1. Given the conditions (1) at pLDDT below 95; (2) more than 26 Å from the chain's Cα centre (by Cα); (3) not in a loop (DSSP other than H, G, I, E, B), and given that MET326 satisfies all but one, which numbered condition is not satisfied?
2. Considering only the range 411-449, state which residues are of a type in the set (Asp, Glu) and either within 16 Å of ligand 2 (Cβ to nearest atom) or free of Cβ contacts under 8 Å to residues at least 24 places away in the same chain (or both).
3. What are the pairs, 6+ residues apart or on separate chains, where a residue within the range 209-222 that is over 30 Å from TYR239 (Cβ atoms) and outside the structural domain of LEU178 (by TED's automatic domain parsing) has its Cβ under 6 Å from a residue that is β-branched (Val, Ile, Thr) and within 16 Å of ligand 2 (Cβ to nearest atom)?
4. Name the one entry in GLU93, GLU97, GLU62 that is farther than 26 Å from ALA138 by Cβ and either touching a residue at least 12 places away in the same chain (Cβ under 8 Å) or surrounded by 18 or more Cβ atoms within 10 Å (Cβ to Cβ) (or both).
5. If we only count helices (runs of 4 or more DSSP H) wholly inside the range 125-219, which ones have 1 or more residues that are closer than 24 Å to ILE256 by Cα?
6. Considering the range 380-393 alone, what residues qualify as being surrounded by fewer than 21 Cβ atoms within 10 Å (Cβ to Cβ) and either within 15 Å of ligand 1 (Cβ to nearest atom) or among the aliphatic types (A, V, I, L, M) (or both)?
7. Within the range 394-441, can you find the residues that are within 15 Å of ligand 1 (Cβ to nearest atom) and acidic (Asp, Glu)?
8. Which is of a type in the set (A, V, I, L, M, F, W, C), modelled with pLDDT of 95 or more and outside the structural domain of VAL142 (by TED's automatic domain parsing), of ALA381, ALA373, ALA468?
Amino acid sequence: MSNNESAPIATIASLSHHEGQTVTLRGWLYNLRASGKLLFPIFRDGTGTIQGIVPKAAVPEEVFETLKNLTLESSVIVTGKVRADSRAPSGYELDVENVEVIQRVPDETPFPITLKEHGVDFLMEHRHLWLRTPRQSAILRVRATIMRAAAEYFDTNGFIRTDPPILTPNACEGTSELFEMDYFDNDKAYLTQSGQLYIEATALALGKVYSFGPTFRAEKSKTRRHLTEFWMIEPEVAYAGLDDIMDLAEAFITHIVTRVLESHRADLKVIGRDVTKLEPIVAPAPSLSTAAAPLLSSRSEAEGSAAGTTKEPRFPRLSYDEAHAMLEKAYAEGKLENPHKYGDDFGSPDETYISSQFDRPVMVHRYPAAIKAFYMQPDPADPTKALCVDVLAPEGYGEIIGGSQRVDSYDLLKSRIEEHNLPLAAFQWYLDLRKYGSVPHAGFGMGIERVVAWLCGLDHVRETIPFARTLNRIYP
Ligand code: 4AD
Ligand code: MG
């Protein structure tokens, strides 16, 4: 669009640099109030919203009439003078001088999403338009920062990004949740559930690697935490054990929360997030709840971690057994409705209870091997347990990270594959990794959408990704 020397193109987010100047904004009409000879249009441009002031006497007749009858979400190029106003949410208002309508939304087909309350089904059906509302836009900006910060952490700590395939010949996380498709000449292919198996290969080539991409689960569950398509970032480290990746997870999460708090306080406010709940996560000194302190495991001697991260754990670490004991006690005290059965995975109320005991993410390690994946290394101290960790977000947001040390013995891995009734032929390449220079190695996966839900305080993952894919929705 034409640039006017005296009215440079600006964005709403950058108006603090243009106080007192006449600028050009390119965006959409978000809302409009009229009060006699005064119009209050609110414009949005993707970076924020700003209220305009249009006194009839101050603008040409046609500008006033155009705006007065303008339909919501019509696209407009507006020129006006930026004025500081302490009462305005953004701190600025715009004294509108001119407006050029790029496309006027027809009167007969008004923008379907209004300021009144809509049901979630209606909003999801109109997701392509719902994204324009300030809250949804703010969530997507936070998501982008979470993704950038996650990649940045690994990029600046010696990890090489290696991209695993999306189309795979075998399962990674259990065969019941696979999307299957025909792959030429009678072969089947599956959409990847996790890049892990492949980045174990690249880790043995490059040392410290990560992958970042979409992953798929044919989840039949309709929970508020499950998508059928979600983004996962996964580091994998050669010569690393469980303690190393717990240290890594802690430093990684801290970095992400730091970046979000650094640049998104305004967005979090629009979203309605109580940021005081996030501040302890980046606080320098741990303030682990004293009630839980006696339950905390002492750390192993694994100093000088291969992952090269923090010295003192800042996030609480509990073994599965310790977490179970905590739940038993809570049940006995009437704080939990149902008892937790030893040996079972934790249910959502269990996870919520455990996480509510701490003001930062809690790491639960050494689950019973029987309920975990085939590739997890048994704990030498108790082979019925796996050297694995789940990181539970605070405030009941549930598991955000799952990781483990991997089986490094050829024979053990082979028998695991057989026990799990997995097709040996499809895993031959994976077994090769244990034949040629096998080493202890470990890694984890973090689901981006779970982290967006937690950091933004959203009760459902459907708002954490532009177009959520769930059991009962694949439109738009
Ligand atoms: O715990 P999961 O299944 O672990 C793995 O896939 C490992 N192979 C990762 C690894 O060790 N490299 O999944 C990891 C994370 C979960 O903690 C959760 O954050 C997310 O991925 N996740 C989902 N997010 C949204 N919808 C789903 N259906 C998800 N399933 C897992
Ligand atoms: Mg898991």
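1. (1)
2. Of the range 411-449, the ones of a type in the set (Asp, Glu) are 411, 418-419, 432, 449.
Across the range 411-449, the qualifying residues are ASP411, GLU418, ASP432, GLU449.
3. As it stands, the answer is none, since no pair meets every condition given.
4. Numbers: GLU93 fails: farther than 26 Å from ALA138 by Cβ; GLU62 fails: either touching a residue at least 12 places away in the same chain (Cβ under 8 Å) or surrounded by 18 or more Cβ atoms within 10 Å (Cβ to Cβ) (or both).
Just a single option satisfies the conditions, and that option is GLU97.
5. On the way: elements: 127-130, 134-155, 196-206.
Where helices (runs of 4 or more DSSP H) fall fully within the range 125-219 and carry at least 1 residues being closer than 24 Å to ILE256 by Cα, they are 134-155, 196-206.
6. Step one: filter the range 380-393 for residues surrounded by fewer than 21 Cβ atoms within 10 Å (Cβ to Cβ), giving 380-384.
Once the filter is applied, which keeps residues that are surrounded by fewer than 21 Cβ atoms within 10 Å (Cβ to Cβ) and either within 15 Å of ligand 1 (Cβ to nearest atom) or among the aliphatic types (A, V, I, L, M) (or both), the range 380-393 yields only ALA381.
7. Passing the criteria: GLU399, ASP408.
8. Only one candidate passes the filter, namely ALA468.
The values are calculated or read from the model by the stated rules, or taken from the named source; none is laboratory data. On a predicted model such as this, the values are computed, not experimentally measured, just so you know. For neighbour counting, all protein chains shown are included, and Cβ atoms are generated from backbone atoms with ideal geometry for every residue, glycine included.
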